[in-house]
1. Just order 258-264, 160-166 by mean Cβ neighbour count inside 10 Å, highest at the front, would you?
2. Just add up the charged neighbours of G279: K/R +1, D/E -1, any other residue whose Cβ is under 12 Å from the Cβ of G279.
3. What is the antiparallel percent of DSSP beta bridges lying wholly in the chain, to the nearest 5?
4. Take the cross-link list K287/K325; K16/K65; K65/K97; K109/K131; K101/K131; K102/K131 and give me the ones stretching past 20 Å between alpha-carbons.
5. Whole Å is fine, so just give me how far the alpha carbon centre of the stretch 42-81 lies from that of the stretch 341-377.
6. Percent relative contact order of the chain, based on C-alpha pairs within less than 8 angstrom and at least six residues apart?
7. Compute the length gained on full extension between R124 and E373: take 0.36 nm times their separation in residues and subtract their Cα-Cα distance, giving the result in nm to one decimal.
8. Just how large is the dipole of the chain about the Cα centre, in debye to the nearest 20, putting +1 at every Lys and Arg Cβ and -1 at every Asp and Glu Cβ?
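Throughout, read-outs are computed from the coordinates displayed, never taken from laboratory work. Since the model is a prediction, treat every value here as computed from it, not as a measurement. Please note: Cβ atoms are built from the backbone with ideal geometry, for glycine as well, and neighbour counts cover all protein chains shown.
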Amino acid sequence: MFPKEEYDSRIFKLRKWMESKKVDLSIIRSGANMSYLSGTSAASALVVPIDEDPFLIARYAFGDKIAEEQTAYEVVTVKPFYGLDKVDDKKISFLIKDEIKKRGMRTRKLAFDGNEQEEEELRRAFRRGGKSLPVLSLSREILRIRAVKSEREIETMRKSADISVNAFYSTVSEIMPGVTEKEIAGRIELEMRRLGGDGPAFPTIVCFGENSFNAHHVPTERKLREGDIVLIDFGSSYSMYASDMTRTFVIGKPEKKLEDLWNAVYESQEKAIMKLKAGVSAEDPDKEARDVLNKRGLLDIFVHSTGHGIGLEVHEPPRLLVGVKDKIERNYTVTVEPGIYIKGWGGIRIEDTLVVRSDGSEVLTRGLIKEMELKRY
């Protein structure tokens with residue numbers, strides 16, 4: 001997806017951490033982190049030695065060819081034997097150990113990224129004299145490295161956002177009384193693929209009327225009626241990178257209550273975005289959004305954080321939330337999405353994907369207009 005030097009620079013950052021912790025070997029099993037460091041999630045494991053070239057372990061016919069097409073690093077193919085009277089399906093960690101032994105690499109201290117079962121398997125595979133080798137957790141460090149996006153990553157996310165915006169505008173003519181939530185969600189996802197996306201980065205949320213109360217609503221056969229609130233939360237994946245955006249509008253003329261609430265959410269998002277820049281705490285944009293809603297008497301119906309990191313995964317660190325003191329860095333990509341929810345009536349959420357810059361932020365989803373009344377374009 002990216003040139004090899006992009007992945008080499010990420011491996012270099014990982015190795016700086018390995019060097020500081022005196023780690024000889026890092027083993028990555030989780031898909032998103034493997035993709036980040038190698039360009040593929042089709043392999044079973046990525047192995048990063050401290051002083052030799054990285055390589056991947058992939059199953060024959062279960063990812064090896066895809067991995068070879070997607071990564072610039074070596075792919076070692078393993079082919080388990082399934083016979084009539086025996087099954088030889090060695091665990092991946094033991095296959096990694098065999099490959100390490102062939103290459104004569106030292107393994108005094110390991111770092112690992114994967115689930116608990118995989119870690120236990122790794123400890124068994126590398127046990128010596130009845131004792132396991134020291135194994136450090138790697139997940140948090142890779143997430144820290146991932147949080148700061150390169151300009152190539154940002155450009156990819158900008159393309160993802162553009163695909164999503166265009167998918168919405170290709171669908172907007174069909175948002176009319178009588179259509180169902182499922183039909184609009186399906187059409188938006190189809191348009192994402194038609195326009196060059198991998199597909200939705202997450203299941204598209206389409207809510208009509210009172211269903212907009214559910215922050216993570218699953219589209220139903222509910223039909224759109226004149227005067228309904230319409231909330232659509234969607235985003236495409238493009239070259240594995242996500243975008244995320246939400247718009248809330250009404251079919252017909254908005255009632256005074258909806259107009260007042262929509263303007264409050266809009267203002268809270270604008271104030272949060274204005275606060276977003278390199279060097280501020282992750283809680284600062286959230287405080288700004290909450291301050292606006294608190295003055296309108298709406299704070300108790302704002303029931304989630306103001307935003308979250310986004311990239312290879314839809315939800316990544318940091319969370320924009322009161323109490324999170326981590327500093328926001330330049331080239332973080334985040335969402336800003338205040339919302340309010342009234343049971344039995346509905347909800348309003350407005351969301352954009354942004355990249356943090358030194359003196360502010362850039363809205364990657366700026367092409368998607370924010371209006372209370374649905375217009376045809």
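1. On the way: 258-264: 17.7, 160-166: 24.4.
Listed from highest to lowest mean packing, they are 160-166, 258-264.
2. Residues near G279 contribute +1 overall.
3. On the way: 45 of 58 bridges.
Here the antiparallel bridges make up roughly 80 percent for the chain.
4. Where the Cα-Cα span goes over 20 Å, the pairs concerned are K16/K65; K65/K97; K102/K131.
5. Value for the Cα centre distance between the two parts: 40 Å.
6. Computed value for the chain: 13 percent relative contact order.
7. Values: separation 249, 0.36 × 249 = 89.64 nm, distance 6.07 nm.
The span from R124 to E373 would gain 83.6 nm if fully extended.
8. With only Lys, Arg, Asp and Glu charged at Cβ, the dipole is about 1160 debye.
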